[in-house]
Amino acid sequence: MNVLTRKISEGDQMFSVTLIEIENAVLAFYTVAESPKLGTLAIAIPQPKSEPSVSSVLLGERNNILTKILAERLSQNFNKITMASTHLDKISDTQSGKILLQLTQQICTPDAKAN
């Protein structure tokens, strides 16, 4: 099991992702809180070849599109079943979405996966 945490500060908010990687799956918790919290939850399943991941929102409706996108990106990158949760104080604006995508990029780098 591999656990990664990355943070980005934007204004007075601290965005973070905690990623737990196990043999066949990845769980990612995106939040603006100090510790991981469960929020809108999406699952993504990688597909063969270069086809996009199949995804669905399982819980919640806030930021559901953003949560699906994050789950799909992680699923494609790790080639594993992925569950992603976003717990944000309010419905995400464009800037918050960009920050969460930056956090995703950080944890998808080869250096991050090795740690």
Quiz item: Residues in the range 43-63: is at least one open to solvent by 50 Å² or more (accessible area, probe 1.4 Å) and within 12 Å of the chain's Cα centre (by Cα)?
Solution: no
Practice problem: Check residue 53 against each of (1) in contact with a Pro (Cβ under 6 Å, 6 or more places away or on another chain); (2) at pLDDT 95 or above; (3) of a type outside the set (A, V, I, L, M, F, W, C) and name the one condition it does not meet. | Solution: (2)
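Could you list, in sequence order, all residues of the range 13-56 that are among the hydroxyl-bearing types (Ser, Thr, Tyr) and out of contact with any helix residue (DSSP H, G or I) (no Cβ under 6 Å at 6 or more places or on another chain)? Please lay out each step first, then the result.
Let us first name the residues in the range 13-56 that are among the hydroxyl-bearing types (Ser, Thr, Tyr), namely 16, 18, 30-31, 35, 40, 50, 53, 55-56.
16, 18, 31, 35, 50, 56 - these are the residues of the range 13-56 that are among the hydroxyl-bearing types (Ser, Thr, Tyr) and out of contact with any helix residue (DSSP H, G or I) (no Cβ under 6 Å at 6 or more places or on another chain).
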Quiz item: Among (1) farther than 18 Å from residue 99 by Cα; (2) in contact with a helix residue (DSSP H, G or I) (Cβ under 8 Å, 6 or more places away or on another chain), where does residue 10 come up short?
Solution: (1)
Quiz item: If residue 96 satisfies every condition in (1) among the small types (Gly, Ala, Ser); (2) under 12 Å from the mean Cα position of the chain (by Cα); (3) over 19 Å from residue 56 (Cα atoms) but one, which is the exception?
Solution: (2)
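Picking from 42, 84, which residue would you name as being in contact (Cβ under 8 Å) with a residue 40 or more places away in the chain, over 14 Å from residue 17 (Cα atoms) and out of contact with any His (no Cβ under 9 Å at 6 or more places or on another chain)?
Details: 84 fails: over 14 Å from residue 17 (Cα atoms).
After applying the criteria, what remains is 42.
Restricting attention to the range 1-16, which residues are β-branched (Val, Ile, Thr) and either at pLDDT 95 or above or open to solvent by 40 Å² or more (accessible area, probe 1.4 Å) (or both)?
As a first pass, look at the range 1-16 and keep what is β-branched (Val, Ile, Thr): 3, 5, 8.
Matches in the range 1-16: 3, 5.
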Quiz item: Which number in (1) farther than 21 Å from residue 107 by Cα; (2) hydroxyl-bearing (Ser, Thr, Tyr); (3) modelled with pLDDT under 95 marks the one condition that residue 94 misses?
Solution: (1)
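Taking the stated definitions as given, is residue 80 within 14 Å of the chain's Cα centre (by Cα) and either among the polar types (S, T, N, Q) or open to solvent by 50 Å² or more (accessible area, probe 1.4 Å) (or both)?
Values: within 14 Å of the chain's Cα centre (by Cα): yes; either among the polar types (S, T, N, Q) or open to solvent by 50 Å² or more (accessible area, probe 1.4 Å) (or both): no.
Spelling it out, it is not the case that residue 80 is within 14 Å of the chain's Cα centre (by Cα) and either among the polar types (S, T, N, Q) or open to solvent by 50 Å² or more (accessible area, probe 1.4 Å) (or both).
The values are calculated or read from the model by the stated rules, or taken from the named source; none is laboratory data. Please read these numbers as outputs of a predicted model, since none were measured by experiment. A quick note on method: Cβ atoms are made from the backbone with ideal geometry, for glycine too, and the neighbour counts reach across all protein chains shown. Heads up: the accessible areas ignore ligands, DNA and RNA and are worked out on the full protein's heavy atoms, side chains in. Shrake-Rupley method; radii C 1.70, N 1.55, O 1.52, S 1.80 Å.
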